[in-house]
Amino acid sequence: MNTGDHIANTFEQTAYFDDQTLAALVKEHGAPLYVYSRAALEYFARQALGFACPYGTTVRFAVKANPYPDIMKLFDSMGLWFDASSGPEAEYVIKQGINTTHVALNSQELPPNLQQLVE
């Protein structure tokens, strides 16, 4: 079984919680509650980082997809860079301790704090 099959099987085995487990998790952590698989996040990040690109590539995570700090820190530790779609989003990423040279600001208009972000 290859790693992708293992991850897919793991998703199928753990994708759902029974009502009792859900109630206990919500009681402990509150709602709404989002549960992520670190193994799956790492697997797919490694897949993206392993793309064969003859001239190199920089894998960037779109922050708007999930701005959860622990996920951003995990991806940062794995070598992913970040794509921010607004000034406040770029500022948020920087406040999470992400190296500013690893943040691309791709917005449709210049943010009012562009000079501060550049500095």
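Note on S77: accessible area is roughly 90 Å² with a 1.4 Å probe, heavy atoms of protein only.
A straight Cα-to-Cα reach below 17 Å connects K95 with the aspartates and glutamates D70, D76, D83, E119, residues fewer than 8 places away in its own chain not being considered. For V26, the shell of other residues with beta-carbons less than 15 Å away shows a net charge of -2, using +1 for Lys and Arg and -1 for Asp and Glu. Sorted largest first by accessible area at a 1.4 angstrom probe radius, with every protein chain in place, the residues R38, R60 fall in the order R38, R60.
Per residue, the solvent-accessible area of the chain (1.4 Å probe, heavy atoms of protein chains only, all protein chains present) comes to 72 Å². Of the solvent-accessible surface of the chain, computed with a 1.4 Å probe and all protein chains present, 54% belongs to carbon and sulfur. Between the Cα long axis of helix 19-29 and the first principal axis of the chain there is an angle of about 40°, rounded to the nearest 10. Once the Cβ-Cβ distance of S107 and D18 is raised to the sixth power relative to R0 = 41 Å, the FRET efficiency obtained is 0.40.
In the range 13-66, what chymotrypsin sites (Phe, Trp or Tyr not before Pro) fall in a loop by DSSP, with at most 16 other Cβ atoms inside 10 Å?
On the way: sites: Y16, F17, Y34, Y36, Y43, F44, F51, Y55, F61; in loops: Y16, F17, Y34, Y36, F51, Y55.
Those that pass, being in a loop and sparsely packed, are Y16, F17, Y34, Y36, F51, Y55.
Accessible surface for E42 stands near 50 Å², nearest 10, in the context of the full protein assembly shown (1.4 Å probe).
The values are calculated or read from the model by the stated rules, or taken from the named source; none is laboratory data. Fair warning: this is a prediction, and the values are worked out from it, not measured in the lab. Every residue, glycine among them, receives a Cβ derived from its backbone with ideal geometry; neighbour counts consider all protein chains shown. All accessible areas refer to the heavy atoms of the entire protein, side chains included, with ligands and DNA or RNA removed. Shrake-Rupley method; radii C 1.70, N 1.55, O 1.52, S 1.80 Å.
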